[in-house]
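Data block below; observations after.
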Amino acid sequence: MTDASAQSELAGIEVAPRHVAIIMDGNGRWASARHLPRALGHRMGVEAVRRTIKAAMELGLEYLTLYSFSSENWSRPSGEVSDLMKLMKRFIQRDCAELHQSGVRLIVIGERGNIEPDMLRMIEDTEKLTEANTKLNLVIAFNYGARQEIVAGAQRLALAAQNGKLDPNLITVENFSEALTTNGHPDPELLIRTSGEKRLSNFLLWQLAYAEFVFLDVNWPDFSKDHLTDAIAQYHMRDRRFGGLSKQSSAS
């Protein structure tokens, strides 16, 4: 799709937000509703990821952050965790070249200390290969937990202060943000969660401070470009005040 046709498609909902974050939920419920193995639900969820990346590029998003595996997901049955790890590897192996050719930059956030060496190498190689791409910044939150990220950021600042490199009295919102794994990324303006659940589940707690939330009853494997477009339309209907007065109140 050309830039002109993308703008035409979005004409009814104004310009897309720079950054959309998605909690991809409902793979297991999708499978259970069809009396299928949960592993098949996760595989169909990867197909939804591919559709969503394509839609994000067509709609002109700059950043798309997807919550793929949380630090708490290790508590799931070992067989399911193994399936999820294989899917992540397969996604990188099969999609890396196409993503690179499409101008997508892959960024992975989350704890890397307990990731298998071969997967870690794949992640690092893909990040390096795509680091100059500018069509879409695809951020995958993998082995990620927001509380853990915030604690790690605080530890970095505390160590800098201990070493005399930072005055604790001069710590600001800005330099705390710089201590997080999302340093350099704009905060998401829109969060979408599928499956009907209405919670953040330890996802981007700092970065979502002023995001608009859209909760959808659709399970992730059924998520489509239409759902993304509709969520963006809902975002544009919100009165984003950032702690100030509404547009109507300030005009009166």
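Derivation of every value follows stated rules applied to the coordinates shown; laboratory data play no part. Predicted model only: the values in this text are computed from it and were never measured. Every residue, glycine among them, receives a Cβ derived from its backbone with ideal geometry; neighbour counts consider all protein chains shown.
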Which residue fluctuates most in the GNM of the chain (Cα springs below 10 Å): 164, 110, 153? 164
Paramagnetic reach from residue 111 in the stretch 140-174 [backbone N under 16 Å; point 7 Å along Cα→Cβ]: 141-156
Once Rg and Dmax of the Cα atoms in Å is worked out from the coordinates, which option in (i) 19.1, 61; (ii) 17.5, 55; (iii) 21.7, 66 does it equal? (i)
Using the beta-carbon distance between residue 90 and residue 226 and R0 = 22 Å, what value does 1/(1 + (r/R0)^6) give for FRET efficiency, to the nearest 0.05? 0.25
Before rounding to the nearest 500, sum -39500 (n - 2.57) across all DSSP H runs of length at least 4 in the chain and divide by the residue total; then give [θ] at 222 nm in deg cm²/dmol. -14500 deg cm²/dmol
Could you compute the FRET efficiency for residue 170 and residue 33, with r as their C-beta to C-beta distance and R0 at 45 Å, rounded to 0.05? 0.25
How many angstrom lie between the C-alpha centres of the stretch 60-132 and the stretch 181-222? 18
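Can you give the charge dipole size of the stretch 29-89 about its Cα centre, rounded to the nearest 20 debye, using +1 on the beta carbon of Lys and Arg and -1 on the beta carbon of Asp and Glu? Mind showing how you got there, number by number?
Numbers: 10 positive and 6 negative charges, 55 e Å.
Around 260 debye, computed over the stretch 29-89.
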Once you charge only the Cβ atoms, +1 for Lys and Arg and -1 for Asp and Glu, what is the size of the charge dipole of the chain about its Cα centre, to the nearest 20 debye? 440
Spatially close lysines, pair count over the chain: Cα under 28 Å, gap of eight or more or interchain: 15
Mean-square fluctuation maximum in Gaussian network of the chain, Cα pairs under 10 Å, restricted to 55, 231, 33, hits 33
If packing is taken as the mean number of other Cβ atoms within 10 Å per residue, what is the order of 76-86, 140-150, highest first? 140-150, 76-86
